[in-house]
1. Quick check on segment 5-33: of everything there that is aliphatic (A, V, I, L, M) and part of a loop (DSSP other than H, G, I, E, B), which residue is surrounded by the most Cβ atoms within 10 Å (Cβ to Cβ)?
2. Can we say A20 is of a type outside the set (S, T, N, Q) and at pLDDT 85 or above?
3. Need pairs with beta-carbon distance below 7 Å; first residue closer than 15 Å to G3 by Cα and within segment 34-45, second aliphatic (A, V, I, L, M) and surrounded by 10 or more Cβ atoms within 10 Å (Cβ to Cβ); sequence gap 6+ or separate chains.
4. In segment 34-50, which residue that is more than 25 Å from A17 (Cβ to Cβ) and exposed (fewer than 10 other Cβ atoms within 10 Å of the Cβ) is nearest to the chain's Cα centre (by Cα)?
Amino acid sequence: MLGLNTRAIGGYDRELAREALHIPAEYELLAVIKLGYPGDKSALPEALQERGSYRAPFLE
């Protein structure tokens, strides 16, 4: 695998996203998913470092 992570984003401003991403009016923005490599957990506040991930590994 490439080591990339994804997250669905909820509660976004559709019009602001449309403008920022140059999405034409004839398209409807239904979902936003971010994609990227995981960062260093030590850069997070301590409370978030302890939270961990609640997702099962991909192959389970």
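1. Per the stated criteria, the residue is I23.
2. The answer is yes for A20.
3. From residues that are closer than 15 Å to G3 by Cα, the pairs are K34/I9.
4. D40
The values are calculated or read from the model by the stated rules, or taken from the named source; none is laboratory data. Here the structure is a predicted model, which is why all the values come from computation and not from measurement. Positions of Cβ are backbone-derived with ideal geometry, glycine not excepted, and every protein chain shown enters the neighbour counts.
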